[in-house]
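Structure, as structure tokens:
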Amino acid sequence: MKSGLSAAVIELALRAKYRILVAMPKTIPLCFERVSEDEMRSRSASLLKVMKARRSVRAFSSDLIPEGVIEKCLEIAGRAPNGANQQAWHFAVVKSPEVKRRIREAAEAEEREFYGSRAPQEWLDALDHLGTDAQKPFLEKAPALIAIFQKSKVVDESGEEVKVYYPKESIGLATGFLISALHQVGLATLTHTPSPMKFLTEILGRSPSEKPFLLLVVGYPAEDCEVPDITKLNLADISSTH
Ligand code: IYR
């Protein structure tokens, strides 16, 4: 070779030269429609009104949820922003009375431990105003439970198993999307976190590499449903403008 450069050096130079082209991600035009300022104000006020009515419900009716509604809400959850778009989540929907019974039994066993000895007095004091205890009849009464699992590894496009980035943030965002969607379509939820939740892995036959994140109880409130008389912080207490 005239220049005396080795093939390896030429290859490196070529790689460096074309790296930008190779690394360029494929893009598509963003689909985004601007709304008028008046419309934005009106939408934000109506949505706030809707979301202000969202409450965690612990007394459920056994009325069934129309077919397909939960599935649409799960698709909405799946649109949440997440680490490296790895979508490291799994939503297990439980409608079977037998599976719900097993989940209730296992959850109540953990909760008896929690309320009986595991929880420090300080924690029990913090829960006092909610009136919760180890009894979880809603796990059987509500028409559906959604067990949310956080995957610790996923398979990438090249078929390789890779680490998950920002799993907690991602699963939290997807769960927020889901709760908001279920509320907006007219369903009540309870975010239930019996701890530990390993029994969900066993009962639902999930891989041990998936961590149970929370158990969402879904349905309609019971006719006589009451909720704790609690208040939410004001805007000034939760935000600042800079
Ligand atoms: N997991 C228990 C205790 C509990 C903990 C928190 I933090 C709550 O906001 C509510 C309850 C239970 O479900 O009873």
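The values are calculated or read from the model by the stated rules, or taken from the named source; none is laboratory data. Bear in mind the structure is a predicted one, so any value in this text is a computation, not a measurement. Neighbour counts run over all protein chains shown; Cβ positions are idealised from the backbone, glycine included.
Of the residues that sit in the range 82-104 and are of a type outside the set (A, V, I, L, M, F, W, C) and out of contact with any Phe, Trp or Tyr (no Cβ under 9 Å at 6 or more places or on another chain), which one is nearest to Lys168 (Cα to Cα)?
Gln87
Where in the range 161-242 are there helices (runs of 4 or more DSSP H), lying wholly inside it, with at least 2 residues that are in contact (Cβ under 8 Å) with a residue 24 or more places away in the chain and surrounded by 13 or more Cβ atoms within 10 Å (Cβ to Cβ)?
Hits in the range 161-242: 167-184, 198-203.
Mind listing just one residue for me: the one in the range 108-141 that is aliphatic (A, V, I, L, M) and touching a Lys or Arg at 6+ places or on another chain (Cβ under 8 Å) and, of those, farthest from Val218 (Cα to Cα)?
Only one residue tops the list, namely Ala134.
Scan the range 146-161 for residues that are hydrophobic (A, V, I, L, M, F, W, C) and over 19 Å from Glu202 (Cα atoms) and jot them down.
Listed by number, the residues that qualify are Val154, Val155.
What residue, among those in the range 132-152 that are more than 10 Å from the ligand (Cβ to nearest atom) and either exposed (fewer than 15 other Cβ atoms within 10 Å of the Cβ) or at pLDDT below 95 (or both), is nearest to Thr231 (Cα to Cα)?
Only one residue tops the list, namely Pro137.
Any idea which residue in the range 13-34 is modelled with the highest pLDDT, counting only those that are of a type in the set (A, V, I, L, M, F, W, C) and part of a helix (DSSP H, G or I)?
Among residues in the range 13-34 that are of a type in the set (A, V, I, L, M, F, W, C) and part of a helix (DSSP H, G or I), the one modelled with the highest pLDDT is Ala23.
List the number of the failed condition for Glu113; all other conditions in (1) surrounded by 13 or more Cβ atoms within 10 Å (Cβ to Cβ); (2) of a type in the set (Asp, Glu); (3) away from the ligand (no atom under 11 Å from the Cβ) hold.
Among (1) surrounded by 13 or more Cβ atoms within 10 Å (Cβ to Cβ); (2) of a type in the set (Asp, Glu); (3) away from the ligand (no atom under 11 Å from the Cβ), the lone unmet condition for Glu113 is (3).
For residues in the range 192-229 being of a type in the set (S, T, N, Q) and farther than 26 Å from Ser61 by Cβ, which is nearest to the ligand (Cβ to nearest atom)?
Across the range 192-229, the extreme among qualifying residues is Ser195.
If you scan the range 112-137, which residues turn out to be among the aromatic types (Phe, Trp, Tyr) and under 25 Å from the mean Cα position of the chain (by Cα)?
Phe114, Trp123
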